[in-house]
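**Student:** Mind having a look at this structure? Questions to follow.
The values are calculated or read from the model by the stated rules, or taken from the named source; none is laboratory data. Keep in mind that what you see is a predicted model, and the values were worked out from it rather than measured. Positions of Cβ are backbone-derived with ideal geometry, glycine not excepted, and every protein chain shown enters the neighbour counts.
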């Protein structure tokens, strides 16, 4: 498989120390580690939300650590998707509009670049809505389109967040503790969605505390005191082997001192 | 999408959006009103002066004139475009009645005149030159409302009756501050009535555009031409015209500036609160890759929309409110021709106001740009205590500013309407003023009146002041005229900015404008040229004066042997306490002595201005009450919203709604009370200075507020307090709705 993301000697103050790893297209990688080990910092620095103090990050061969703030924003909008633990939705917009928000923004950028006619814009708006509807259907939240974000459950909201992160067809999806704020059943549902997306070809890098979540990934990186000190490769996720994978992960984590 | 975001944000934050809109509207309205009124007033005055062809320089003169002498002078001066001598037939007020009402109490010099030959026209209400038929009269526009007149009423002078055919605008003497009023009659009627009054002359000059009236005045004085009366220049006429209504505009302008400051402060505070709440959203938008510009646009667009609405509503309100306010202006000066200019200037004023507010908001939003995604996402809210403290501080500040807004116009009004204010106008603080003017022998008549007063046991004290015209010299040596009021100035002293009244021989006190022009101050010497040669005087005092163009002087006796003609005499009188002033005045009036109550004099001279300031103080008080109410209600609501958890917890612990509300009531009232006291202090420290600065331009220096303490200490604080109580009550009404179980459902 082709390499999608390469992280070289990434440093961030005292939190990350020369972290290096690569992720190939279609992989689903979990980053685990105790609290304060630098998991979220690693994610935010890799995603270009924070400026590392050293090292480089390449996405599809392009070094994003060297980009300006605006260029990074462009990268995040068009090539990356992000799912937060706290969902972070716009309170003023309903579910559908929240999902459409990055798409509208990306479309606006396109308008500037391509100078499309008004008619074309209108048709692309319809297209955006269709895309959003398809995504919502896929994540089983079609009936929530017009709802306010305060009137849906945590699991539903997180699925809406996943829709939003996927609306611009990103090359990679980052997720920071995506099930951290959810109850057990909602967490399982959300995790199913990630797996579905991964199966369809989306590359995912997620940070988690939950060994059950991590066991659904193809690879786990173990971070301790800002260093990657372990890596576990798992066979492709199959429903029947779920328990066995979980045991493997737990055993490995114990070895890592979890 | 942005539209949806704005609309939903406004819907979800109705109160905050409404308050922001109210601030934007009030500020826009007040500034637009200032501009509308100013443009209207100045435009109308300019229009009127242009149509009337107001003279650039005019010399009033009582006594004979030699036209040939003036003609020779005019021939030598190229800067004179045209000149003319207008006649003014000064009438005895007690023999004049207007619409059945006697003018005996009028403090004005009322007289007849005919239309000017070449310029200085008196215009009708359409600003056209009226043709006056025989038996008809046109009455000064200012008298229409004052004496409740209408066309068809009569002006009676002795036994002669003239029918009022219309009203005239007099570009020179429209303002009640001008001491004379001209009635326009037919030439034949003028000649017929001539015997019943004293004829005076207005020697008028229309100068070339580039000519300097000051230089021309000096040339006129040096030529020794007739000068037995005050000199008036076009700028002075313009200022006098603008002054009566200008005071109202000044008050409204002052109010709008304070309101703009309050608005900026409150909107920025509300914005800071909102942004703290919205910071996570900003972080999320940044994380999603939405650019700085777009994020700013999302948050800024709402304010642009609100500002646009505020500007529009404010403009509409300004147009509605200006109606009653410009009524008097339009009566006196007509409608300003430049309608489109008014429109453009008011729109520009509104745009400037909203621009300032939006600029401040944009600066506030800059904070979002500087934050990184992570800072925005995980920013810890500022310390709650500090925010709450700031809110209470703002309640205090806004109350103080609003009380200041209510007090300054109130104090200005009470000062201008107080009898003591005359001492700032160069008038002694006597009870009664007797003017001796336009008689054959002023000096003799004055002596007769003085004898009457000496023999009158009801008179407590009096003084005789005679005005004579002498020559003096400017700093560069050029000659100038100086009107000197001679007599004992210590009996009814005026307010002196520096020094004291002249008590010894060879001492002279000067009005501030004269002192400035002559370039002297207290302690300097001044040379006066009398009929018997030149004498050096020591300047002993400088006083403020706004009578006779602000250029006067006071001396004990200039020269006992000097026989310079007395231009006019003024006698100030005060009566013993049980004597009825009205009876005394009517008794003296029946003797043909023009005696007026000084309180009436002030009321008549400043009546127009006071009326306008009264309106302006109403606007100021209204705006202040609305602001106090809106701001305090909003802030109390915000405080209750923030404290919802602890209120719920208190309820869960057994506190009643009433006891919780009481504690919040005290918390709201306390800073407001401190604000009221601060407002009182601010008014006495700053307000006086601000009004003083303005009055100084008119020659009234060293201005002190005359305070009506019962209003200042009771009425206005009570009104402010009542508004605060209502606002706090409404602001904390939500406390009732907080349920005890809420604290168990959510964390603070």
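**Student:** May I ask you to list the residues in the stretch A:16-61 that are modelled with pLDDT of 90 or more, in contact with a helix residue (DSSP H, G or I) (Cβ under 6 Å, 6 or more places away or on another chain) and assigned to a loop (DSSP other than H, G, I, E, B)?
**Tutor:** A:33, A:52
**Student:** Moving to a separate point now. Out of B:618, B:687, B:668, B:679, which single residue is more than 23 Å from the chain's Cα centre (by Cα) and either under 21 Å from residue B:395 (Cβ atoms) or assigned by TED's automatic domain parsing to the domain that holds residue B:401 (or both)?
**Tutor:** Sole residue among the options that is more than 23 Å from the chain's Cα centre (by Cα) and either under 21 Å from residue B:395 (Cβ atoms) or assigned by TED's automatic domain parsing to the domain that holds residue B:401 (or both): B:668.
**Student:** Do any strands (runs of 3 or more DSSP E) lying entirely in the stretch B:64-153 carry at least 2 residues that are under 23 Å from residue B:329 (Cβ atoms) and touching a helix residue (DSSP H, G or I) at 6+ places or on another chain (Cβ under 9 Å), and which ones are they?
**Tutor:** Hits in the stretch B:64-153: B:122-124.
**Student:** Go through the stretch A:75-87 and report how many residues are in a helix (DSSP H, G or I) and either buried (at least 18 other Cβ atoms within 10 Å of the Cβ) or at pLDDT below 85 (or both).
**Tutor:** Looking only at that region, the number is 4.
**Student:** Still on this structure: Return the pair list, or none, for Cβ contacts closer than 6 Å from residues in the stretch A:65-90 that are without any contact (Cβ under 8 Å) to a residue 12 or more places away in the chain and within 7 Å of chain B (Cβ to nearest Cβ) to residues that are surrounded by 22 or more Cβ atoms within 10 Å (Cβ to Cβ) and outside any helix (DSSP H, G or I), at least 6 apart or on different chains.
**Tutor:** From the stretch A:65-90, the pairs are A:73/B:289.
**Student:** In the list B:380, B:369, B:375, B:431, which residue meets the criterion of being surrounded by fewer than 20 Cβ atoms within 10 Å (Cβ to Cβ), modelled with pLDDT under 75 and more than 27 Å from residue B:716 (Cβ to Cβ)? Don't jump to the end; show me each part of the working.
**Tutor:** Details: B:369 fails: modelled with pLDDT under 75; B:375 fails: modelled with pLDDT under 75; B:431 fails: modelled with pLDDT under 75.
The unique qualifying residue is B:380.
**Student:** Can you name the residue in the stretch B:706-748 that is within 29 Å of the chain's Cα centre (by Cα) and at pLDDT below 80 and is also nearest to residue B:415 (Cα to Cα) among such residues?
**Tutor:** Step by step, filter the stretch B:706-748, then rank; the result is B:706.
**Student:** So which residues in the stretch A:22-64 are on the phi > 0 side of the Ramachandran plot, in contact (Cβ under 8 Å) with a residue 60 or more places away in the chain and away from chain B (no Cβ under 14 Å), if there are any at all?
**Tutor:** Once the filter is applied, which keeps residues that are on the phi > 0 side of the Ramachandran plot, in contact (Cβ under 8 Å) with a residue 60 or more places away in the chain and away from chain B (no Cβ under 14 Å), the stretch A:22-64 yields A:26, A:33, A:60.
**Student:** Follow-up. Mind telling me which of the residues B:285, B:312, B:260, B:320 ends up being buried (at least 17 other Cβ atoms within 10 Å of the Cβ) and more than 14 Å from chain A (Cβ to nearest Cβ)?
**Tutor:** B:260
**Student:** Hey, another quick one. Are any of the residues in the stretch A:88-106 in contact with a strand residue (DSSP E or B) (Cβ under 6 Å, 6 or more places away or on another chain), within 20 Å of residue B:371 (Cβ to Cβ) and modelled with pLDDT under 90?
**Tutor:** Among the residues of the stretch A:88-106, not one is in contact with a strand residue (DSSP E or B) (Cβ under 6 Å, 6 or more places away or on another chain), within 20 Å of residue B:371 (Cβ to Cβ) and modelled with pLDDT under 90, which makes the answer no.
**Student:** If residue B:268 satisfies all but one of (1) surrounded by fewer than 18 Cβ atoms within 10 Å (Cβ to Cβ); (2) away from chain A (no Cβ under 14 Å); (3) over 30 Å from residue B:407 (Cα atoms); (4) in contact with a helix residue (DSSP H, G or I) (Cβ under 6 Å, 6 or more places away or on another chain), what's the number of the condition it fails?
**Tutor:** Against the list (1) surrounded by fewer than 18 Cβ atoms within 10 Å (Cβ to Cβ); (2) away from chain A (no Cβ under 14 Å); (3) over 30 Å from residue B:407 (Cα atoms); (4) in contact with a helix residue (DSSP H, G or I) (Cβ under 6 Å, 6 or more places away or on another chain), residue B:268 comes up short only on (3).
**Student:** Can you tell me how many residues within the stretch B:449-487 are out of contact with any strand residue (DSSP E or B) (no Cβ under 7 Å at 6 or more places or on another chain) and either closer than 23 Å to residue B:429 by Cα or crowded, with 21+ Cβ neighbours inside 10 Å (or both)?
**Tutor:** Qualifying residue count, the stretch B:449-487: 6.
**Student:** Something else: Select from the stretch B:4-50 the residues that are within 11 Å of another protein chain (Cβ to nearest Cβ) and in a helix (DSSP H, G or I) and list them in ascending order.
**Tutor:** B:4, B:5, B:6, B:7, B:8, B:9, B:10, B:11, B:12
**Student:** Scan B:164, B:157, B:168 and give me the residue that is touching a strand residue (DSSP E or B) at 6+ places or on another chain (Cβ under 9 Å) and more than 27 Å from residue B:329 (Cα to Cα).
**Tutor:** Unique residue meeting the criteria: B:157.
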